[in-house]
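The values are calculated or read from the model by the stated rules, or taken from the named source; none is laboratory data. Here the structure is a predicted model, which means the values were calculated and not measured. Ideal geometry is used to build each Cβ from the backbone, glycine not excepted, and the neighbour counts take in all protein chains shown. These area figures cover heavy atoms from the full protein model, side chains too; ligands, DNA and RNA do not enter into them. Shrake-Rupley method; radii C 1.70, N 1.55, O 1.52, S 1.80 Å.
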Amino acid sequence: MGIEEQHRRVLDLVGHLYDAALDDSLLPSLATRIATCFEAQSTVVALRRVPTGIGAFVTQTDNYSAKNVEAYNAHYWQTDVWAQRGADFGFGKIVASKDIVTDAELEHTEFHADWLREIGIFYLVGSVFAVSRDEIAILGIHRTRVSGGLETRLFGGVAGGG
């Protein structure tokens, strides 16, 4: 994809973000728009209470079934190395999965074996944001293992390539 096409996609996404902020009916399509913009297969935006882990998925791509979301909220949020370690980089920092955990280490986690494989993702670029004293927002943009990782430089991130 050329630079002009990237700029067009980002501008379209920004317009959709503003529209969704004013019209909740546009939130369900937001994750798909983000994924398409960055040539990713999956995206999620979620809110989570700290430290209980009780959360809500605000928008997600179709690879997240109701069963997957329920399983995450019931258990896998506790094993989510991406969210746990990603927060250690600081709120608002954009990081790639490789900056959080090695591929080999991820493959040996319960989070990967029982949850990530189920939804078909392996790589992440994301960020954790403070919403309030007791709540965080999580943005995850994902690719399959075959598709390869994303580069944080595409997002203005501080971490290395993905």
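Numbers for the structure displayed
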| quantity | calculated |
| --- | --- |
| Boolean, VAL10 is β-branched (Val, Ile, Thr) and in contact with a Cys (Cβ under 9 Å, 6 or more places away or on another chain) | yes |
| First in region 135-162 and at positive phi, second anywhere and part of a loop (DSSP other than H, G, I, E, B) and modelled with pLDDT of 80 or more, Cβ under 7 Å, 6 or more apart | GLY156/ILE94 |
| Members of region 66-108 found to be in contact (Cβ under 8 Å) with a residue 40 or more places away in the chain and among the polar types (S, T, N, Q), listed by number | ASN68, SER97 |
| Options GLU118, GLU135: the member that is open to solvent by 50 Å² or more (accessible area, probe 1.4 Å), closer than 17 Å to ASN73 by Cβ and either modelled with pLDDT of 90 or more or not basic (Lys, Arg) (or both) | GLU118 |
| Residue pairs meeting the criteria (Cβ under 9 Å; at least 6 apart or on separate chains; first at pLDDT below 90, in region 1-24; second open to solvent by 60 Å² or more (accessible area, probe 1.4 Å) and of a type in the set (Ser, Thr, Tyr)) | ARG9/THR36 |
| Tally of residues being of a type outside the set (Gly, Ala, Ser) and outside any helix (DSSP H, G or I) across region 57-74 | 8 |
| Any pair with Cβ under 8 angstrom, 6 or more apart, that starts in region 25-41 at a residue that is on the phi < 0 side of the Ramachandran plot and ends at one that is acidic (Asp, Glu) and open to solvent by 30 Å² or more (accessible area, probe 1.4 Å) | LEU26/ASP19; THR32/ASP62; ARG33/ASP12; CYS37/ASP12 |
| Which numbered condition THR79 fails, given (1) among the β-branched types (Val, Ile, Thr); (2) closer than 27 Å to HIS16 by Cβ; (3) touching an Asp or Glu at 6+ places or on another chain (Cβ under 8 Å) | (2) |
| Candidate set from region 18-77 (those that are within 14 Å of the chain's Cα centre (by Cα) and among the basic types (Lys, Arg)); member that is surrounded by the most Cβ atoms within 10 Å (Cβ to Cβ) | ARG48 |
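For every residue, the table says whether it meets (1) more than 18 Å from ASP88 (Cβ to Cβ); (2) surrounded by fewer than 17 Cβ atoms within 10 Å (Cβ to Cβ); (3) at pLDDT 90 or above.
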site	(1), (2), (3)
THR109	no, yes, yes
LEU124	no, no, yes
ARG143	yes, no, yes
GLY162	no, no, no
